[in-house]
Amino acid sequence: MNFGVVFLLTFLIVCAASVAMTKNLLAAVLIQMGYSTIMSVIWLVLESPDLAITEAAVGAGVTGILFFVTLRRIGLIGGKGGRKK
Amino acid sequence: MGSNLFFNYFEATAVIVFGIGFTILFLDRNLIKKVIGFNFMDSAIFLFLASNGYISGRVSPIFEDGVTAAEHYINPVPAGLVLTGIVVSVSVTAFLLALVVRLYLRYHTLEMDEIVALSRKEADE
Amino acid sequence: MMTNRFLILVPILFPLLCGLAVAFAPALQAGSRRRPFVLFSLGGTFLSTICVLLLLRGHSLHLCDLAPSIELRFAVDEITCFFAGLGSFMWLMSGIFSMEYMQHETNHTRFYAFFLMGEASMLGVTLSANYPTLYLCFEWMTLLTLPLVFHIQSEESIQAGIKYLLYSFAGAFAGLMGIPFLAKYGTTLNFVHGGVLDPLLTEGHEGLLLAVAFAAILGFGAKTGLFPLHAWLPAAHPVAPAPASALLSGVVTKAGVIAILRVIYYLFGAQFLAGTWVQTALLTISLLTVFMGSSMAFRENIFKKRLAYSTVSQVSYILFGIFLMNDTALEGSLLHVLCHSLAKGGIFLCAGTIIYKTDKTDVRQLRGIGKEMPVVLWCFTLCSLALVGIPPMSGFMSKWYLALGSLENGFPVISWLGPVILLISAILTAGYLLPITIHGFFPGADFDYSTLVKKDPTLWILVPLLILTTLAAFTLFPQPFMALVENTTEAIIGGMLS
Amino acid sequence: MNLVQNFPFFCIMLYLAGGVTCCVLTPKASRAVCIGLNLLVTALMAAALAFTVRSGESYVYLMGHFPAPWGNEIRIGPLETLMGTAFPLVMTLTLLGGMDHIFEDVEEDKINLYFTVVNLLMVSMLALVLTNDIFTGYVFVEINTIASCALVMLKYKSGKALVATTRYLIMSLLGSGLFLIGIIILYNITGHLLMEPMREKIHELYLSGNYAFPLTVTVGLFAVGLSLKSALWPFSAWLPDAHASATAASSGILSGLVIKSYMILLLKIFYRVLGMEVVLSTGVLNVLFVFGIGAMLFGSLHALQERDIKRMLAYSSVAQAGYIFAGFGLGTAEGVLAGCIQILVHAVTKPMLFSAAGGFMTVSGGSRQFSDLHGAGRRDILSGIAFTVGALSMIGIPLFAGFATKLVLTRASLATAGWKCVAALSAIVLSTVLNALYYIPAVALLFDKREAVHISGVKAQPSAVYVLSLTVFMALNFFVGLRSSLLTCILEAGLNVFS
Amino acid sequence: MKQPSRNVARFVNWVEGEEVFPVPEEAERNQKPRKKKAPVKAKPASPEKEKRIFALVYDGISVVVCLTVILTLLVTVSWLPRFGGQDNPAENEVYIRYLEGELEEAGAINAVAGMILDYRAFDTLGESNVLFIAVCSVIILLRADRNRKTGALNIPELENRRALQPDDSIFRGSAALLVPIGILFGIYVILNGHLSAGGGFSGGAIIGASLILYANACGPEKFERAFTFRTYQWISFFALMTYTLLKTYSFYTGANHLESHIPLGTPGAILSSGLILPLNICVGLVVACTMYAFYSLFSKGGFGNGQ
């Protein structure tokens, strides 16, 4: 029950709860990417490097990009000065 | 109530995040929030699965210089399953986001019940 | 011997193929060629049925099996002889009648196609030798006679058709529920003289089986217009063309009677049902229907609707006889089957002719009709006398036997209440049929004879009418019919109760 | 290990290869590849069916060099091969039936993707029916989910299809999420993923009594997850939109085949993984039975109010799914047999109804409302006949396919005790009457003389392919109706060796 | 057929959740899913107030659903075997053979890669098809559809990606540095899939991400002149086709107990562990192109000028 792991796990729960609460979509996407990075650290704690690389590359990397491109396409961020939803 | 709740703190966290993700996906009315909820739900499930395979005091199953004794490494099966799961969840997220883009381009809103109301009023083409 | 067992299927397949030929063969589309072909096929069916009944009595044929222990089996036994002969004869008579009558109607191909196929399914009902085949032919008879009901395709006829279909499906499906129960508690699903229930199995389950029997009888009763499911009959008959409504009330209701006969005497067994609450309930329901049918007919002014209500009450006479479950009552009900088919068929054909010639559908408009169509109204009068039960006509004999059977039966109330209600309903029948004759022949002083023009129909209509009327008077020379009825009753109920 | 035993494996691999090739071909070529592939697979699976029925017991086919608890495997028995033959056959007929709709509704350069999706849907259904490993089941459940959602949304510029797809996808993802967490708990307490070794472990746990609560929760998770995906009544809010707004061929495939593969997977999990005594001890079958009865009633009740022909058919699919789950819920072998027969009967009847509905739409100016469909049966006589045959089979008239289900289900419910028998019988009678109440007026309306003024006189010129598919469908319907005893004994043999 | 009365329809609609503000039946987690209580209909003082009340009730219900799911699963977790324990049920003969028999049978140093690409290869085959079907669906949805009448591709409003702020030299400079490293690292991860951690998926994702970075920094024109939509389709076709054929061969030989003549090579060398390397390369290629395809489909509905 070392402290570091407990801190990481509580971070995950805080991330999930905060996304449930927030209304701002950009914040939600950022929280999700943070969540994914911490998750790849947890995979390392659980002794499975395969998952760490995959989670980092595929989780934060590609999913994050997809979210940002979607938000741009919806006009929420960047592009033609999207209206704040 | 079983006795292992405080020992299985990995699985407990996974279950809590799963509950939150499940509810966001199911009941939240914003489409982007739903997709994020789905991501939380899936990665929580994989945390639950991978934590089953972990054996304390053992190393990840990449053999160092020919030592193949089973007591030295952790269980590789959950790691393999999670690898498959992560790619599945990425594909589904991409599909969901594509749907969100198309829905927004047509109905200019992200709230699910507004979209359902608008589509009901639409003439049946 | 193998080949002639398949001959049993001839009465079913022959009209079916002719019906399909009429529907699809291009050569028969022309009216001139179609009418002889239809006549030929009706006559052919009648003759083939008679041959099959005489030659193949007692043979049975296992066609195929629908589900593991559910098989299609046809056989010729005493009920088949009685009803198949009557049914195909009535179909022939109304077929001849329709030659003339159909000028009045449109799209004949569809009418004749389903007319012939309907006969096939009716013969299927008579020939079926086990419960699933009976159910199958029953359902298909509903389907094939449906287009005859909404032939004129007016909004009202379609609603009536749908009502007919729903009532028949609900009823037939209540009948279907009997199959699994009998498969479980009975030895076999085939019709066995005296019932198939295995006494060991039905130890503690009498109540359940009685309820199933009651549901099945009420279900099949839908076709005969028995009380709970009778509402479709007054709706369907007026809209159907005359030959079709003659068959609907004359023969299709008898299919319901066959099914009930099979359920009572060949599946559950008369001893099992005799003396139970099921019998008392059925008797009261049939008496209720008899009384209700004739009183409703008394108040109804549309000609064909009045005749439809009269069918409801007359067929319940037959059911009353069957539910009494003793041989005299059964004899009476079989006699009434004969009388009602012939007489009611004749009456409907007369009504059809009147409507065909003068387009008067309301009873009150029929003043002085006797002057315009003397022959038709004479036939109508004789047939209604048969229905009322006046001595020279057949109705008297069947009602006599029914009353005797009811008195013989030791039921506390029903044994004397039955004849009383039969008498009251006979008076009511006279009340709603005879005024038509009276007004027809004696229109009263102020009727101007100047505008009168003779409208007697052609031979196509007169011949069947006359044949039916003479047959309806079979009490004058009862010997052949009584012999037929007696040995049928003997075969059905013999050696069981008495 | 003679050659015939490899056929199911070849079918899966053929579909995978076919799926990949279709996406690079032209629309016409990919259609040819897809239809040819389906026919070839039907033939192969029919040969495998003949082999398994003759040999009478199911054999295991290793996917790789390693036996049971280590490598993947698929298990092939009479039941699986019968479903494996029926699914591609019905798929081919539905595709042929809705072909001109596909080329009209889907955009020009995305038609080959349609056939790619169809091929991958077939591989996932075959794999679900055949697989002997739960996690492979999960992976192919995911392929099935995405492919069926892709089928729904393939309508050109149709907003409704998009909304229906989203709701369908979200509910399906919930279902597969619950299903996955069920698998993980099972893996955690048994240590196996293959079905047979897991069964022994669960049997030991059941006897020894430890991990009892997780076992019960897993049974609940599987039941809720998979009934969510196979549109059992309380979770079927997504089905009417999804199946109504898709093209004719897709809605036929979805109603007829896709929801069935999940039911077979649930059956397999109850029979082969958990074992019947564990499932019976948790009482989840009673819950499924009650939901099945609810589906039969509420599904038909909803179809009664529907004024749109495809939504009516979709709601009637919900009711028919209720039949299957009522059959499974009875808990006896005969009940499961009734469920399996209903799977086949519905797979044969519903796609025909949807193709005929598609035919009516082309003839009445593309509208789905009953007010415009007056007399459509007279304008397109073949679809009219096909729709009537389908409707009568749904009501359960003898000589048609529906009668077999009613018979076996009534007999099965009779065999069970007390309240289940009464509930099942009354539900069957009530839902039959409700079925008649909405199918017969629909058929009467389709053959109505008074046609809507702006459509009357439009005579249909159905393509040869459409005529062929509907006639073969009707023949198939009659065959199942008449020879249902043949199907029953194959299914019985299959169920005996199923666990 | 006259319509059944209105309130029956509304009751059934409510049960079915067809109301305009649909509160669909939630898939309760335990096996006896209770009916959810109906959202309490307050006295509609004003639509605004009713909306707020409805939102409150809706959130209340979602909290209730969330708690029930979490509590049920927490109780289940409390019964499960202890975390990291030695003799958990999962540590049985399956796990021992995967580790000890792995070198002889699959020949991969990385036991996880050996397990997913050899012992349980059917899952991984299915899973790469999940990615393929997802790409097909995204293409169906987002690819610029041809305008029915004119036949021209109606490309979504393409503001010029390249028109970044004038001072994007920092971005372009760092991208020029990062992209080659990323691609090299990705290739390393793919090739060493069976020797060290990583494998087809992670390597492909890394290459995909760096391609996207490159397309953003230096503009997609030069790159997409070679990498058009057709080439993407043919790449994924060849890669998946070889994957399926290799696996068909190995399954067929396995099932019929034939000896598959694929050399396992000396463990530790690059060209070792039989089929795992070519499979990793195929998967890596597909995943890389797919990630780039996702990006370009989302941002501009197709490659280059959208065809």
- If you go through the stretch C:122-146 one residue at a time, how many are of a type outside the set (V, I, T) and closer than 16 Å to C:G95 by Cβ? 3
- Query: Somewhere in the stretch C:442-450, is a residue surrounded by 15 or more Cβ atoms within 10 Å (Cβ to Cβ), of a type outside the set (K, R) and part of a helix (DSSP H, G or I)?
  - Reply: no
- Scanning the stretch D:1-29 for residues that are surrounded by fewer than 24 Cβ atoms within 10 Å (Cβ to Cβ), in contact with a Leu (Cβ under 9 Å, 6 or more places away or on another chain) and among the small types (G, A, S) gives D:A17
- Message: Step by step: first the residues of the stretch D:395-429, then only those that are away from chain C (no Cβ under 12 Å) and surrounded by 20 or more Cβ atoms within 10 Å (Cβ to Cβ), then the one that is modelled with the lowest pLDDT. Which residue is that?
- Response: D:K420
- Note on the structure: Given the conditions (1) within 14 Å of another protein chain (Cβ to nearest Cβ); (2) closer than 16 Å to D:L126 by Cβ; (3) surrounded by 24 or more Cβ atoms within 10 Å (Cβ to Cβ), every one holds for D:P78 apart from (1)
- Residue within the stretch E:247-259 that is in contact with a helix residue (DSSP H, G or I) (Cβ under 9 Å, 6 or more places away or on another chain), more than 11 Å from chain D (Cβ to nearest Cβ) and either under 29 Å from D:P8 (Cβ atoms) or hydroxyl-bearing (S, T, Y) (or both) present: no
- Task: Please go through the stretch B:16-33 and pick out each residue that is in contact with a Gly (Cβ under 9 Å, 6 or more places away or on another chain) and more than 10 Å from chain E (Cβ to nearest Cβ).
- Result: B:L25
- Item | Total residues in the stretch C:461-494, condition polar (S, T, N, Q), touching a Phe, Trp or Tyr at 6+ places or on another chain (Cβ under 7 Å) and either free of Cβ contacts under 8 Å to residues at least 60 places away in the same chain or not in a helix (DSSP H, G or I) (or both) | 1
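Give the stretch D:174-196 a look and list any residue that's of a type in the set (A, V, I, L, M, F, W, C), within 7 Å of another protein chain (Cβ to nearest Cβ) and touching an Asp or Glu at 6+ places or on another chain (Cβ under 9 Å), or say none.
Scanning the stretch D:174-196 gives D:L174, D:L180.
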- Would you tally the residues in the stretch D:256-285 being more than 18 Å from the chain's Cα centre (by Cα), farther than 18 Å from D:L194 by Cβ and touching a residue at least 60 places away in the same chain (Cβ under 8 Å)? 6
- Every residue from the stretch D:321-333 that is β-branched (V, I, T) and in a loop (DSSP other than H, G, I, E, B): D:T332
- Task: Name the residue, out of E:S78, E:S46, that is at the interface with chain B (Cβ under 9 Å from one of its Cβ atoms) and out of contact with any Pro (no Cβ under 6 Å at 6 or more places or on another chain).
- Result: E:S78
- Query: So, of the residues in the stretch E:263-307 that are polar (S, T, N, Q) and either under 22 Å from the mean Cα position of the chain (by Cα) or crowded, with 23+ Cβ neighbours inside 10 Å (or both), which turns out to be modelled with the lowest pLDDT?
  - Reply: E:S273
- Message: Filter the stretch D:430-448 down to the residues that are more than 11 Å from chain E (Cβ to nearest Cβ), in a helix (DSSP H, G or I) and out of contact with any Ser or Thr (no Cβ under 7 Å at 6 or more places or on another chain) and list them by number.
- Response: D:L430, D:T432, D:V433, D:A436, D:Y439, D:L446
- Flag if C:I70 is modelled with pLDDT under 85, buried (at least 23 other Cβ atoms within 10 Å of the Cβ) and either in contact with a His (Cβ under 7 Å, 6 or more places away or on another chain) or at negative phi (or both): yes
- Which residues, taken from the stretch D:39-50, are more than 18 Å from D:E492 (Cβ to Cβ) and in contact (Cβ under 8 Å) with a residue 12 or more places away in the chain? D:L39, D:L40, D:V41, D:T42, D:L44, D:M45, D:A46, D:A47, D:A48
- Message: If a residue must be closer than 23 Å to C:L136 by Cβ and of a type in the set (A, V, I, L, M), how many such residues does the stretch C:66-114 contain?
- Response: 11
- Message: Exactly one of these conditions fails for E:K300: (1) touching a residue at least 24 places away in the same chain (Cβ under 8 Å); (2) under 20 Å from E:V189 (Cα atoms). Give me its number.
- Response: (2)
- Note on the structure: Residue hits (the stretch C:284-302; surrounded by fewer than 24 Cβ atoms within 10 Å (Cβ to Cβ) and among the hydrophobic types (A, V, I, L, M, F, W, C)) are C:I285, C:L288, C:F291, C:M292, C:M296, C:F298, C:I302
- helices (runs of 4 or more DSSP H) contained in the stretch C:57-175 and holding at least 1 residues among the β-branched types (V, I, T) and within 14 Å of chain D (Cβ to nearest Cβ): C:108-127, C:131-149
- Message: Return the residues of the stretch E:206-254 that are small (G, A, S) and within 24 Å of the chain's Cα centre (by Cα); say none if nothing qualifies.
- Response: E:G208, E:A209, E:S210, E:A215, E:S236, E:A239
- Query: Looking at this structure, is C:F181 farther than 30 Å from C:T45 by Cβ, part of a helix (DSSP H, G or I) and either within 11 Å of chain D (Cβ to nearest Cβ) or in contact with a helix residue (DSSP H, G or I) (Cβ under 7 Å, 6 or more places away or on another chain) (or both)?
  - Reply: yes
- Task: Could you list all residues from the stretch C:406-454 that are hydroxyl-bearing (S, T, Y) and closer than 20 Å to C:V388 by Cα?
- Result: C:S406, C:S425, C:T429, C:Y432, C:T437
- Note on the structure: Of those in the stretch D:275-320 that are part of a helix (DSSP H, G or I), away from chain E (no Cβ under 11 Å) and at pLDDT below 90, the residue farthest from D:L344 (Cα to Cα) is D:S281
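Go through the stretch C:332-358 and count every residue that is under 17 Å from C:P374 (Cβ atoms) and either under 16 Å from the mean Cα position of the chain (by Cα) or free of Cβ contacts under 8 Å to residues at least 40 places away in the same chain (or both).
Looking only at that region, the number is 3.
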- Message: Looking only at the stretch A:44-67, how many residues end up being more than 11 Å from the chain's Cα centre (by Cα) and more than 7 Å from every other protein chain (Cβ to nearest Cβ)?
- Response: 3
- Here the residues within the stretch D:410-432 that are touching a residue at least 24 places away in the same chain (Cβ under 8 Å) and closer than 19 Å to D:A303 by Cβ are D:A427, D:I428, D:L430, D:S431, D:T432
- Item | Candidates C:T202, C:T145, C:T188, C:T224, filtered to the one that is surrounded by fewer than 23 Cβ atoms within 10 Å (Cβ to Cβ) and in contact with a Leu (Cβ under 8 Å, 6 or more places away or on another chain) | C:T202
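The values are calculated or read from the model by the stated rules, or taken from the named source; none is laboratory data. All of these numbers come straight from a predicted model, not from anything done at the bench. Note that we place each Cβ from the backbone using ideal geometry, even for glycine, and neighbour counts take in every protein chain shown.
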